[in-house]
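Taking it in order: structure first as structure tokens, then the write-up.
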Amino acid sequence: MKNLLVYHFKTYLKSYKLLLPFLIYLIYLFAAYGIMPFSVVSSFSESAGVLFFIMAYVGFSYAELENPVTEQLILLRIKNDNLYYLSRLTLLLIIGFAMSLLGLLYPLILNVVNNDHLFTRSLQLADVAIGFFLHSLMAFLGAMTGSFFHPRIIKNRKIAVLLLFFVTVMGISKGALADYFPQTRLIAWVFPPVFDILASFTSQEFFAVPAMALPVTLTIAYGLVLMTGQIQLLKHSKF
């Protein structure tokens with residue numbers, strides 16, 4: 001697994017495609033925390049929502065880099081399809097972990113620089129822990145969503161881009177859409193539960209763990225379904 005992770009990381013790093021999402025997220029953080037003070041819960045929730053889109057792009061762009069010939073050679077050498085595809089997704093999770101750290105460390109450092117005046121109240125350890133968990137959860141969901149639109153799963157890349165855009169936008173807006181068109185609730189479960197988890201923090205001054213339980217469970221389950229589904233589809237699709 002370690003050698004595979006090193007290989008995947010070098011491949012992605014050499015493509016320079018990781019630089020764009022990193023810069024976009026950094027610019028967002030710089031702009032979002034430009035005027036203070038902020039609500040802890042709403043600012044962390046918004047940052048995590050943005051990270052979902054960033055990681056969806058990361059997952060999609062990494063899948064685009066896959067070289068069919070190289071992939072076949074590696075699979076013949078390691079003779080373990082599950083390990084190979086799991087290592088690809090693990091790399092995305094590591095990138096998501098690093099981006100989550102960035103999304104949390106930036107406001108924490110800025111808060112220290114501003115003598116604890118960045119937020120409307122003092123930060124607590126629970127805020128930091130739950131904030132990091134929320135960012136990591138959204139990063140996981142975004143990465144699994146983006147990587148699912150793999151070239152071997154959806155061969156038409158223009159359609160894949162449009163579908164990814166549609167799915168990610170619906171994931172965060174399906175709740176608002178359902179208020180205007182209640183019929184859409186019947187198919188809302190198909191889209192990533194981004195709205196479900198972020199809505200549990202609406203107008204909250206503190207993170208309410210009980211309110212998070214169901215949305216978090218749905219998010220983890222949705223991400224795991226995408227992960228296992230992607231691996232199975234790639235194993236059975238021909239090169």
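The values are calculated or read from the model by the stated rules, or taken from the named source; none is laboratory data. Please read these numbers as outputs of a predicted model, since none were measured by experiment. Ideal geometry is used to build each Cβ from the backbone, glycine not excepted, and the neighbour counts take in all protein chains shown.
Comparison of Arg185, Arg152 shows that the only residue that is in contact with a Lys or Arg (Cβ under 9 Å, 6 or more places away or on another chain) and without any contact (Cβ under 8 Å) to a residue 12 or more places away in the chain is Arg185.
Phe9 satisfies every condition listed in (1) within 28 Å of Met170 (Cα to Cα); (2) in contact with a helix residue (DSSP H, G or I) (Cβ under 7 Å, 6 or more places away or on another chain); (3) hydrophobic (A, V, I, L, M, F, W, C) except (1).
Among the residues of the stretch 1-29, those identified as of a type in the set (A, V, I, L, M) and in a helix (DSSP H, G or I) are Leu4, Leu5, Val6, Leu13, Leu19, Leu20, Leu23, Ile24, Leu26, Ile27, Leu29.
All told, Leu51 falls short of being over 24 Å from Met170 (Cβ atoms) and either in contact with a Lys or Arg (Cβ under 6 Å, 6 or more places away or on another chain) or not aromatic (Phe, Trp, Tyr) (or both). Those helices (runs of 4 or more DSSP H) of the stretch 32-133 in which at least 2 residues are of a type in the set (S, T, N, Q) and crowded, with 16+ Cβ neighbours inside 10 Å, considering only elements entirely within it, cover 40-64, 81-113. Out of the residues in the stretch 97-129 that are out of contact with any Leu (no Cβ under 8 Å at 6 or more places or on another chain) and aromatic (Phe, Trp, Tyr), which is modelled with the lowest pLDDT? If we take residues in the stretch 97-129 being out of contact with any Leu (no Cβ under 8 Å at 6 or more places or on another chain) and aromatic (Phe, Trp, Tyr), then Phe119 is modelled with the lowest pLDDT.
Those residues that are loosely packed, with under 13 Cβ neighbours inside 10 Å, without any contact (Cβ under 8 Å) to a residue 60 or more places away in the chain and within 21 Å of the chain's Cα centre (by Cα), I need them from the stretch 205-223; list them, please. Within the stretch 205-223, Ala213, Thr217, Ala221 qualify. Out of everything in the stretch 151-204 that is part of a loop (DSSP other than H, G, I, E, B) and modelled with pLDDT under 85, what residue ends up being surrounded by the most Cβ atoms within 10 Å (Cβ to Cβ)? This residue is Phe201.
Sub-8 Å Cβ pairs linking a first residue in the stretch 68-80 that is on the phi > 0 side of the Ramachandran plot to a second residue that is exposed (fewer than 12 other Cβ atoms within 10 Å of the Cβ) and outside any helix (DSSP H, G or I), at least 6 apart or interchain, number zero.
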